[in-house]
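Encoded as structure tokens, the structure appears first; notes follow it.
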Amino acid sequence: MIEEPYRWVEAIATRRDYIEMQLATGSPVVALGYTEGVLLLTVGRQKLFEIYDRIALGAIGHPGDIERLRMAAIELASTEGFTRSAADVSLRRLAYYSLSPVMKNAFEQIYGAPFLARLLFVEIGTSPADDLFLEVEYDGAINLHPSNGGNTPFAVLAASKKSAEQMAEFLKKRFQGGKDLSATVELALDTWTVGQSKTDEPMPGEDDIRRQRGERVGSGTISAAVLERNTNRAMRYRAVDASELAPLIPK
């Protein structure tokens with residue numbers, strides 16, 4: 001009996017190592033605020049989704065697990081909106097009281113399968129100060145990035161914590177408010193490139209980032225979507241057209 005807690009801790013550590021290994025090849029996701037709203041961008045297989053009106057999702061991980069979590073988020077948000085109102089649907093409630101407990105429980109039940117996924121949610125507010133960036137880890141841990149309180153309006157998702165730290169450090173130096181969509185897409189691509197760089201080497205300089213961006217992005221497909229703050233359309237979420245992205249794709 002005495003050994004059981006230690007076996008559980010060891011099993012959890014092994015499970016964490018296994019999940020990190022499975023996520024190691026994931027393509028980073030970048031979320032940036034800009035003049036008209038919030039941009040989400042990644043390169044490769046589409047991992048950007050609309051969840052509910054003001055809420056969008058970017059993810060890294062196993063496609064099946066991402067889809068299960070996406071559908072759960074949509075169902076929870078839709079139920080909340082139906083039983084109350086669309087204005088009552090809150091990303092904080094969705095993450096803290098629904099998705100996080102589910103992912104935490106799956107991670108800690110060592111005889112069941114965990115979710116192989118990292119999630120990045122964005123909720124657009126009535127003003128930039130009300131925008132919310134929120135990450136949910138595979139073990140249910142939540143990392144909250146409110147725009148108010150002096151925090152910079154951005155968040156990143158990467159295959160490893162080290163890569164995410166490098167991307168965040170890069171953005172802290174490079175991010176400036178008041179940019180249009182074109183400039184924001186370009187910064188997001190540079191940030192994505194930093195997330196793909198080797199973590200055991202110093203952060204690349206400007207010239208190296210542009211060179212690596214040409215090599216890495218040129219062979220992939222850019223996926224981008226925005227949550228628009230002021231729009232006449234019923235839905236705030238829209239995919240960024242290829243015509244808007246084409247001038248920024250390296251030849």
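Is the range 48-62 home to any residue that is more than 23 Å from residue 133 (Cα to Cα) and surrounded by fewer than 21 Cβ atoms within 10 Å (Cβ to Cβ)? There is no residue in the range 48-62 that is more than 23 Å from residue 133 (Cα to Cα) and surrounded by fewer than 21 Cβ atoms within 10 Å (Cβ to Cβ). The set of residues from the range 184-205 being part of a helix (DSSP H, G or I) and free of Cβ contacts under 8 Å to residues at least 60 places away in the same chain comprises 190, 193, 194.
Selection within the range 86-141: residues that are touching a strand residue (DSSP E or B) at 6+ places or on another chain (Cβ under 7 Å), among the β-branched types (Val, Ile, Thr) and free of Cβ contacts under 8 Å to residues at least 60 places away in the same chain. The member of this set that is surrounded by the fewest Cβ atoms within 10 Å (Cβ to Cβ) is 89.
Scanning the range 65-100 for residues that are among the small types (Gly, Ala, Ser) and in a loop (DSSP other than H, G, I, E, B), which turns out farthest from residue 116 (Cα to Cα)? If you could, list the steps in order and put the result at the bottom.
As a first pass, look at the range 65-100 and keep what is among the small types (Gly, Ala, Ser): 72-73, 77-78, 81, 85-87, 90, 95, 98, 100.
Those still in the list that are in a loop (DSSP other than H, G, I, E, B) too: 85, 90.
On the way: 85: 32, 90: 24 Å.
Per the stated criteria, the residue is 85.
Among residues belonging to the range 1-60 that are of a type in the set (Asp, Glu) and over 15 Å from residue 137 (Cα atoms), point out the one that is modelled with the highest pLDDT. Among those that are of a type in the set (Asp, Glu) and over 15 Å from residue 137 (Cα atoms), it is 50. Screening residue 21 on (1) touching a residue at least 12 places away in the same chain (Cβ under 8 Å); (2) within 23 Å of residue 198 (Cβ to Cβ); (3) part of a helix (DSSP H, G or I) shows it passes everything except condition (1).
Take the range 199-221 and flag every residue that is within 20 Å of the chain's Cα centre (by Cα), surrounded by fewer than 14 Cβ atoms within 10 Å (Cβ to Cβ) and either on the phi > 0 side of the Ramachandran plot or not β-branched (Val, Ile, Thr) (or both).
Step one: filter the range 199-221 for residues within 20 Å of the chain's Cα centre (by Cα), giving 199, 213, 216-217, 220-221.
Adding the requirement that they be surrounded by fewer than 14 Cβ atoms within 10 Å (Cβ to Cβ) leaves 221.
The answer is none; no residue qualifies.
Just for the range 224-251: of the residues that are among the small types (Gly, Ala, Ser), in a strand (DSSP E or B) and out of contact with any helix residue (DSSP H, G or I) (no Cβ under 9 Å at 6 or more places or on another chain), which one is modelled with the highest pLDDT? Applying the filter and picking the extreme gives 225.
For residue 213, are the conditions met, namely being in contact with a helix residue (DSSP H, G or I) (Cβ under 9 Å, 6 or more places away or on another chain) and either in a helix (DSSP H, G or I) or free of Cβ contacts under 8 Å to residues at least 24 places away in the same chain (or both)? Yes.
The values are calculated or read from the model by the stated rules, or taken from the named source; none is laboratory data. Quick caveat, the model's predicted, so the values are computed rather than measured. Neighbour counts are summed over all protein chains in view; Cβ atoms, including those assigned to glycine, are modelled from backbone coordinates with ideal geometry.
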